[in-house]
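Below you'll find the structure, written out as structure tokens, and then a few comments.
The values are calculated or read from the model by the stated rules, or taken from the named source; none is laboratory data. These numbers were taken from a predicted model, which means no experiment stands behind them. Counting neighbours? That spans all protein chains shown, and the Cβs are built from the backbone with ideal geometry, glycine included. Heads up: the accessible areas ignore ligands, DNA and RNA and are worked out on the full protein's heavy atoms, side chains in. Shrake-Rupley method; radii C 1.70, N 1.55, O 1.52, S 1.80 Å.
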Amino acid sequence: MGKVIAKKVCMVGPFAVGKTSLVNRFVKSIFSDKYLTTIGVKISKKQIDVNDDKIQLMIWDIEGVDVFTELKPSFLRGASGVLLVLDGTRLKSLDVAIELQRVLSQQLPGVPIIGLLNKSDLTYEWKLGDSELRELEKLGITTIMTSAKTGSNVEAAFDSLVNAMGLGPEGV
Amino acid sequence: MAILGDILEELGVVALEYHSDQTFHVLGNHRSWFSHLLEKIEPFSEGACTILQKDEFCLKFPFIENFLIDAEVSWTEPNHESIRSGLWTETTHSDDEYQLEACACWIDGQSILLIENHSNSFVQHHAVYQKARDIALLNEKLVSELNQRQRELQNEIEQRILHDASILGVAESIKGNTSAVMICQADGKVEVMNNALVDIYQIESESDLKRASLLDQWMQEAEEQYPELKNVIEKGSYWEGEFESIGSEGSSHWIRLTIGPVKESSGVVSHYVCVANDISAFRQTDTNLGGGFDITTRLPNRRHFWQHINRLIEKTLPEGKGIGLLYIDLDYFKRVNDDLGHQAGDFLLSAIASRISRGVKHSDFVAHLGGDEFAVVTMMIQDSEQLLSVANRLLESIHEPLSVDGQPITMSASIGVSMTFEEKFDSTLLVRQADLAMYTAKELGKGQSLFYESNMDYNIPHKLQREMELLEAVERNEFVLYLQPQISVCSTEKMRVEALIRWQHPEKGLLAPGEFIAIAEESGLIIPIGEWVLRSACDMGADLVSNGKPISIAVNISAKQLKHKDFYDSVVTCLETSGYPADLLELEITESCFLDDLDAVIVLIQRIRVLGVTISLDDFGTGFSSLNYLRQLPVDFLKIDQSFVQEISIDRQSQAIISFVINLAHELDIEVIAEGVETDEQLNFLIDRKVNFIQGYLFYRPMPLDDLEGCLSKIEDLCGENPALGVRTI
Ligand SMILES: Nc1nc2c(ncn2[C@@H]2O[C@H](COP(=O)(O)OP(=O)(O)O)[C@@H](O)[C@H]2O)c(=O)[nH]1
Ligand SMILES: [Mg+2]
Ligand SMILES: [Mg+2]
């Protein structure tokens, strides 16, 4: 018989890259163009079926890091997976993401991180090239292009994180 | 009690008392917003008290569950400091949102959890953050557009130079551009600059700037953040980056710089186009975060140093008192760092940093400029004597033995000294003078301090320029090979020489490797130069063989060259095309070749030895871990470094080491060559210890092939006899 397993995943990244929008798209299938900055943390839940089991994802949407805000390590505690979100139209978000990776690998050793290159619908403004992607790869981060606006790859992103957490169809 | 409850309600706070039976007791009345939040959780009552089960509570509020881990720690800690959770948002089933913050505190011997409802003030709080982030986003966007424009301008100028080939025309078109533009020749000589550049650097006249060699200044300023910069530029590639730059009056600017080379059809760089934008305003928020201190040594860093020295310009010193600067650079630090690893390197830097700090007055300013460079700024100086005595004291204390991982190490440093008594002195000049003096101290053999003198400017040509010259030397083939015989002590086996490169410089005459190999290594030119040496040596050797003189030639191979992917193939090709027998060719490698990838290098060397080529280990004794390695290394010969040989007469310890090394080598079937032998005393000692070959001025200096052929028969006579009794020519 199936059981319900609760798992914590964290949305981490610079501000305004689309973390909240991705959660809203995934959990509620909604999107807004208006930017409403997140302050602090908001936890959303979504149940997904994997094989016979039900997994209750506790998605921690954590305020973006900038000059005013640092990532609070205690918010990461107990996470089984992390979505590190970047904005493909803002090169600077790459630098911040690389900094964050260092914090993540210290606080959550061995926990899978998937890099989301968000806003893939903005093809004309896209700035992240191959060499930037290689920098992320070197840190052991696989990346997926997503768009919270069109919904492209959003489900796939969460699916592959669940997979990487060892819970997916290929997990044992 | 009831009034307290109302006060809590007014403040939007719920207070929970945590009990050891894993329950929370709600203090006072039940808040309405709180019950709304609790939704389906049914608290039970005990008398007047409302009680919540921890499990149920945590399941409902995972954020609080996470916070309780920290809270429980704080409740058990002796100082009982309150901790806060930070803001979070809860959403009810009816989609109402609450902005909350939790606080764990210890009141009157009780563990208290406060939950504060910030929903009312949140709107204002949020508006501030929203505004700040909107602006930050806009700012980022502006910067990104500025960068795009800068790149376009850079590209446009390059294209114009290539197509119109008229620098003057370009100069006219960029005159009023808001981006600063400088076009200089490959050696750094400025050809064009526009007004915006003059503005950033606050230069009185253009001629000032032309002298200042801005390209060099930029390379130095950017080096700390972008260590790859020099390489990129040397390779003739495009570069861009942001760094802090100091204007001629000591003011600091963040500039974003792009450097693009313009190449002639032959591929040679003719010009550099540099475009700069002053981005200080954009960076203002970031600058205070840097700290200004070096992480390893905790000394003020380069930026801090410049700030300090520029502040001094404003100060008025008493009559007859000046400002002195010591520019300290450790000798051979790179080698120590490579040999012993980064950690040991960092340890050494900290140790030396504290020696320097202890060796100067409290009021002096000590900075770690990056890498192995330090600076001391000292005030109230009366004369140069005073400064030099400080410098010499520092040299001594730096030279005191240190222990790294149980290994004793002695470091040395070169110090350049400059000083000024002027009121509004030129800080860049002061630093440059100390730098030049330091550089000269290095050239003169390191381990010493020198006071700046005006003729130093002529003696030390630009490094960049030297590299250019070296590049030309490669193209014009200005190198020659000299050969230095190695005299056999105990047998008459085949004759041996070492091939040594010389640079026939068009103006300066014949230059020894010491004057250019370091530059060749740094710039990567060592690859073509090394290949030339190998090829020429094989050709010479083949000539000698065809004249009936089979002489073994040893060729020096640098670590870079050995690790180049084509190295093995080029050895094979040189042997094949020249027809020089492989068993006459010898490659001299140093311990540093084995450093990062011992196994791979051993495999490579074994492949080379299969060809018949022999290997000798050069400069033995100057590395740090030699004896441990020796057993593993597939080498046929070992060359005792001349610094050891030269200590024979003075130092018993060197004698002991040499004896030990020779014995160990012989046990391992490795023959030993002593180089740099200059005196009879050294010779006798070495013969006594059964060294196999002697190389040095005592017998022969390196000489051209023709000269060598002239004295071959004499060498033959020398070899095999007891050379101490033999004929000597110098
Ligand atoms: N075009 C586009 N805009 C997006 C996308 N995702 C988010 N945004 C916009 O980016 C801004 C910041 O999004 P938000 O989710 O608040 O970012 P957060 O700070 O990382 O949580 C908002 O204006 C969103 O509408 C996307 O995939 N495509
Ligand atoms: Mg958000
Ligand atoms: Mg040699």
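Counting only GluC sites (Glu not before Pro) that DSSP places in a loop and that have at most 11 other Cβ atoms within 10 Å, the longest clean stretch of chain A runs over A:71-169.
Beyond 31 Å in Cα-Cα separation lie the following of the pairs A:Lys92/B:Lys560; A:Lys3/A:Lys138; A:Lys46/A:Lys119: A:Lys92/B:Lys560; A:Lys3/A:Lys138.
Using the Cβ-Cβ distance between B:Glu228 and B:Asp187 with R0 set to 30 Å, the FRET efficiency from 1/(1 + (r/R0)^6) comes to roughly 0.90.
Structural descriptor for chain A: relative contact order 25 percent, calculated from alpha carbon pairs under 8 angstrom and at least 6 residues apart. With K and R counted +1 and D and E -1, the other residues having a Cβ less than 12 Å from that of B:Leu317 yield a net charge of -1. For the range B:297-452, the average shadow cast by the Cα convex hull is 8.6 nm², which is a quarter of the hull's surface.
Selection among B:Asn547, B:Tyr568, B:Leu525 by position relative to the dipole of the range B:450-599 gives B:Asn547 as farthest towards the positive end (Cβ unit charges, Cα centre).
The convex hull built on the alpha-carbon positions of the range B:2-117 has an orientation-averaged projected area of 7.2 nm².
Computed over the Cα atoms of the range B:512-584, what is the ratio Rg over Rh, Rh following Kirkwood?
Radius of gyration relative to Kirkwood radius: 1.01.
Dividing the convex hull volume of the alpha carbon atoms of chain B by its residue count gives 261 Å³ per residue. Restricting the range B:358-424 to GluC sites (Glu not before Pro) that sit in a DSSP loop and have at most 13 other Cβ atoms within 10 Å of their own Cβ leaves B:Glu422, B:Glu423. What number comes out for the charge environment of B:Glu152, summing +1 per Lys or Arg and -1 per Asp or Glu over other residues with Cβ under 13 Å away? Value of the local net charge: -1.
Of the accessible area of the protein assembly as shown, computed with a 1.4 Å probe over protein heavy atoms only, carbon and sulfur atoms account for 51 percent. Against the main long axis of the alpha-carbon atoms of chain B, helix B:214-223 sits at an angle near 70°. Over every Cα atom in the range B:507-630, the radius of gyration and the widest Cα-Cα span, Dmax, amount to 15.0, 46 Å.
Remark: the range B:297-452 carries a charge dipole of roughly 340 debye about the Cα centre, counting +1 on each Lys and Arg Cβ and -1 on each Asp and Glu Cβ.
At 18 Å minimum axial length over the Cα atoms and a Kyte-Doolittle cut of -1.0, report the qualifying DSSP H helices in chain A, or say none. Span-like helices here: A:92-107.
In this entry, the protein assembly as shown is assigned a mean projected area of 50.3 nm², taken as a quarter of its C-alpha convex hull surface. Between helix B:427-443 and chain B there is an angle of about 40 degrees, using the helix long axis and the longest principal axis of the Cα atoms. Evaluated with a Cβ-only charge set (Lys, Arg +1; Asp, Glu -1), the protein assembly as shown carries a dipole of roughly 1200 debye about its Cα centre, given to the nearest 20.
The order of A:Tyr35, B:Tyr697, A:Tyr124, B:Tyr327 by accessible area, most exposed first and with a 1.4 Å probe, is A:Tyr124, B:Tyr697, A:Tyr35, B:Tyr327.
Given Cα pairs under 8 Å that are at least 6 residues apart, what percent is the relative contact order of chain B? Before the final figure, lay out the partial values.
Numbers: 1159 pairs, mean separation 48.5, N = 730.
Relative CO of chain B lands at 7 percent.
Can you tally the net charge around B:Gly676? Count Lys and Arg as +1, Asp and Glu as -1, for every other residue whose Cβ sits under 11 Å from the Cβ of B:Gly676. Intermediate values should be presented prior to the final figure.
Values: positive: B:Lys639; negative: B:Asp619, B:Asp641, B:Glu647, B:Glu675, B:Glu678.
Here the charged neighbours net out to -4.
DSSP beta bridges fully contained in the protein assembly as shown are about 70 percent antiparallel. In the protein assembly as shown, a dipole from Cβ-located charges (positive for Lys and Arg, negative for Asp and Glu) runs towards its positive end, and of A:Ser74, A:Gly140, B:Ala367 it is A:Ser74 whose Cα lies farthest in that direction. In plain terms, if you count all Cα to Cα distances in the range B:460-725 and split them into 10 Å steps from zero, the share in each step is 6, 30, 36, 23, 5 percent. These residues, B:Glu588, B:Glu521, B:Glu152, go from largest to smallest accessible area, 1.4 Å probe, as B:Glu152, B:Glu521, B:Glu588. With a 10 Å cut-off around each Cβ of A:35-46, the average count of Cβ atoms from other chains is 6. Extent of the range B:80-223 along its three principal axes (Cα atoms, max minus min coordinate, largest first): 81, 38, 24 Å.
Only protein heavy atoms count here, probed at 1.4 Å, and on that basis chains B and A bury about 2300 Å² of accessible area in total. Among the listed pairs A:Lys19/A:Lys42; A:Lys8/A:Lys34; B:Lys549/B:Lys639; A:Lys34/B:Lys141; B:Lys639/B:Lys690, those with a Cα-Cα distance over 19 Å are A:Lys8/A:Lys34; B:Lys549/B:Lys639. Mean sequence separation of contacting Cα pairs (under 8 Å, at least six apart), scaled by the length of the range B:460-725, corresponds to a relative contact order of 21 percent.
When all protein chains stay in place and ligands, DNA and RNA are ignored, the 1.4 Å accessible-area order of B:Glu475, B:Glu223, B:Glu39, largest first, is B:Glu475, B:Glu223, B:Glu39. Among the listed pairs B:Lys189/B:Lys263; B:Lys263/B:Lys334; A:Lys45/B:Lys54; A:Lys45/B:Lys131, which are separated by more than 26 Å between their Cα atoms? Over 26 Å apart, Cα to Cα: B:Lys263/B:Lys334; A:Lys45/B:Lys131.
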